[in-house]
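Values in this text are rule-based calculations from the coordinates and carry no lab data. Model, not experiment: these values are computed from the prediction. Note that each Cβ is placed from the backbone with ideal geometry, even for glycine, and that neighbours are counted across all protein chains shown.
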Amino acid sequence: MGESGGNTAAEISLKDQGNEFFKAGNYLKAAALYTQAIKKDPSNPTLYSNRAAAFLHLVKLNKALVDAEMTISLKPDWEKGYFRKGCVLEALERYDDALAAFQVALKYNTQSSEVSKKIKRLTQLASDKRRAAEVEATRSNVDMKKHLDSLKTELSGKYGDEDSWKEIFSFVVETLETAVKSWHQNSTLDPRTYFLIDKDKTDTEKYAPMVNIDKAFESPHTHNNCFSFLRQYAEDSLSKAACLVVPKNIISYPQVWKGQGSRKWKHGQSDGFFFQFESPLVQKIWFIPCSSEKGQTLCRDPVTLDIGLHEIFPRLFKQA
């Protein structure tokens, strides 16, 4: 368990007894014996180091950390105190702090393969923890505005009235953010068309702002019927714009893509969904690739596609 310390036979006996219990896996009894030994020899770093190891096994992490710090303060140039501290901090999942402690341990014992292994492991754990936090932050703080600059520019150029294009832009951002959140939660979403209805003119009893299109991609026939329905719906509901949200994995029609072959598709086997924006003046489409990272579903940045090649439906609105 480390270096021997102390002078009296009784103290050595208590420590050695503690070591025997430790080796047998009885950490509670070992810790009690180290405590008795410490009372007799309170400035012996080995006893604190040994008790820290016992407390670590008992998952009494705060007590173990106090003992590791005491070991270091009593013998600052002994690698064992820093090693103990690193092990406790690792158990507390404070990986960056643990790594720093192991690096000090290595400074005092450059030959220790045990410490080198810990440093390698902790470097990976710290990196994984940082990436998991980044993934969680990306999942929680969905912000699609920053990816839609080209749409914003196009809308502001085509629509003279600022209120009009800002309303449409907000509708697109909110619809896309809702879709991403839904994918993060369920790893899929329902194929739907969302309409920006005119609150002052649309008969909201008759026209809802959302239409399910889950049957649209079963065959060319259902696709054509759905398209005709949506086009009429857009006109009758007096909608200003629409967003189509469709998971890639349900699209068997159009084929990849409209007979133009897989060479036109640049995004491999990535799972994800299409997001097509329709208005009388502007038409755009994006693919939002998704992956699984650190056990979490994560939507990547939207990729702008060529609407001529990859449209989900032809133009829904008559061109203004």
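Overview of results
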read-out: Shape parameters for region 144-310, alpha-carbon atoms, Rg then Dmax in Å; value: 16.1, 48
read-out: Angle between the chain longest axis and helix 162-186 axis [Cα atoms, degrees, rounded to 10]; value: 50
read-out: Per-selection metrics, the chain (Cα): Rg and Dmax in Å; value: 32.2, 99
read-out: Above-threshold pairs, the threshold being 23 Å between Cα atoms, out of K145/K166; K152/K201; K23/K107; K15/K120; K152/K266; K145/K318; value: K152/K201; K23/K107; K15/K120; K152/K266; K145/K318
read-out: Tilt relative to the chain, helix 27-40 - C-alpha long axis, 0 to 90 degrees, to 10; value: 50
read-out: For the chain, calculated [θ]222 nm from helices alone, where every DSSP H run of n ≥ 4 adds -39500 (n - 2.57); value: -17000 deg cm²/dmol
read-out: In Hz, Karplus ³J(HN,Hα) per residue of region 89-104 (6.51, -1.76, 1.60; θ = phi - 60°; x = Gly, Pro); value: 5, 4, 5, 7, 6, 8, 5, 5, 5, 4, 4, 4, 5, 5, 5, 5
read-out: Chain lengthening between D143 and L28 when straightened (0.36 nm per residue, less Cα-Cα); value: 36.3 nm
read-out: Chain lengthening between K120 and S150 when straightened (0.36 nm per residue, less Cα-Cα); value: 6.4 nm
read-out: Computed lengthening from L309 to L238, 0.36 nm per intervening residue step minus Cα-Cα distance; value: 22.8 nm
read-out: Pairwise FRET efficiency - L92 versus M210, Cβ, R0 = 51 Å, nearest 0.05; value: 0.60
read-out: Distance between region 174-226 and region 58-77 - C-alpha centres, whole angstrom; value: 60
read-out: Alpha-carbon radius of gyration plus Dmax, which is the widest Cα pair, for region 268-320 in Å; value: 13.7, 47
read-out: Hypothetical label at D203: residues of region 221-244 whose amide nitrogen lies under 12 Å (7 Å Cα-Cβ projection); value: 236-238
read-out: Integer Hz, Karplus 6.51/-1.76/1.60 couplings in order for region 230-244, x for Gly and Pro; value: 5, 5, 5, 4, 4, 6, 5, 7, 6, 5, 8, 6, 8, 10, 9
read-out: At R0 = 22 Å, FRET efficiency that the Cβ-Cβ distance of R300 and E136 yields, to 0.05; value: 0.90
read-out: Residue-by-residue Karplus 3J(HN,Hα) for region 49-65, coefficients 6.51, -1.76, 1.60, Hz, glycine and proline x; value: 4, 5, 5, 4, 5, 5, 4, 4, 5, 7, 6, 9, 6, 5, 5, 4, 5
read-out: Translational diffusion coefficient (Stokes-Einstein; Kirkwood radius from C-alpha pairs) of region 9-138 at 37 °C, 0.692 mPa s, in µm²/s; value: 215
